[in-house]
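One structure is given below, encoded as structure tokens.
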Amino acid sequence: MLRNGTNEIRIQRKATSKEIEVQETILGRSVERPYIIEEGIGVLEGLSALSEENNLRKILVEDLQPGIERISSMEIESATEHLLSVESKWAGEIEAKLERAERAIDVGRRLLEKSNLTQLLKVVDEHSDIKLFKAFLNGLP
């Protein structure tokens, strides 16, 4: 879903004889059997939480943490103007990065809401998987 850029939950199923009849009437020819229909069954909110731009590890651990450590250990009096300029520019972006992290957390919360994830039960086939997924859902607040 993320790769396709859609948050619509879709399933494929065999068409009923009536649906096949309608499709053949529209096309003016017979269709290959079994005729498969893909239909939307829900919308999964917050899916963008899984995108690279919302990767909290990259934002907080790989970017902010080393930068803050770098600045805090820097000898300001002996630093070159160029280094001070570079680090000043980086420090000026901290607030925007923290806001991006907050937005990523909000999107992740929407994704992980029980009512949102419950929609995925419609696409789980195996009984054992359904049981495990329901146990996971029951553990959510």
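The values are calculated or read from the model by the stated rules, or taken from the named source; none is laboratory data. All of these numbers come straight from a predicted model, not from anything done at the bench. Positions of Cβ are backbone-derived with ideal geometry, glycine not excepted, and every protein chain shown enters the neighbour counts. Just so you know, the surface numbers come from the protein's heavy atoms only, side chains and all, with ligands and any DNA or RNA stripped out. Shrake-Rupley method; radii C 1.70, N 1.55, O 1.52, S 1.80 Å.
Structure above, values below:
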{"read-out": "Among (1) touching a residue at least 12 places away in the same chain (Cβ under 8 Å); (2) open to solvent by 80 Å² or more (accessible area, probe 1.4 Å) - the single one residue 74 does not satisfy", "value": "(2)"}
{"read-out": "Unmet criterion (only one of (1) touching a Lys or Arg at 6+ places or on another chain (Cβ under 9 Å); (2) open to solvent by 50 Å² or more (accessible area, probe 1.4 Å)) for residue 54", "value": "(2)"}
{"read-out": "Filter result (touching a residue at least 12 places away in the same chain (Cβ under 8 Å) and farther than 30 Å from residue 133 by Cβ) within region 79-113", "value": "87, 90, 91, 94, 97, 98, 100"}
{"read-out": "Matching residues in region 120-141 - criterion: being of a type in the set (A, V, I, L, M), out of contact with any strand residue (DSSP E or B) (no Cβ under 6 Å at 6 or more places or on another chain) and not in a loop (DSSP other than H, G, I, E, B)", "value": "120, 121, 130, 132, 135, 137"}
{"read-out": "Residue satisfying all of: in region 23-39; in contact (Cβ under 8 Å) with a residue 24 or more places away in the chain and open to solvent by 80 Å² or more (accessible area, probe 1.4 Å); farthest from the chain's Cα centre (by Cα) among these", "value": "36"}
{"read-out": "Sole exception among (1) touching a residue at least 24 places away in the same chain (Cβ under 8 Å); (2) open to solvent by 60 Å² or more (accessible area, probe 1.4 Å); (3) in a helix (DSSP H, G or I) for residue 1, by number", "value": "(3)"}
{"read-out": "Residues of region 40-51 that turn out to be modelled with pLDDT of 95 or more, open to solvent by 20 Å² or more (accessible area, probe 1.4 Å) and touching a strand residue (DSSP E or B) at 6+ places or on another chain (Cβ under 6 Å), as a count", "value": "1"}
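Conditions (1) modelled with pLDDT of 95 or more; (2) closer than 28 Å to residue 39 by Cβ; (3) of a type in the set (Ser, Thr, Tyr), marked per residue:
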site	(1), (2), (3)
67	no, no, no
70	no, no, no
77	no, no, no
95	yes, no, no
102	yes, no, no
111	yes, yes, no
124	no, yes, no
129	no, yes, no
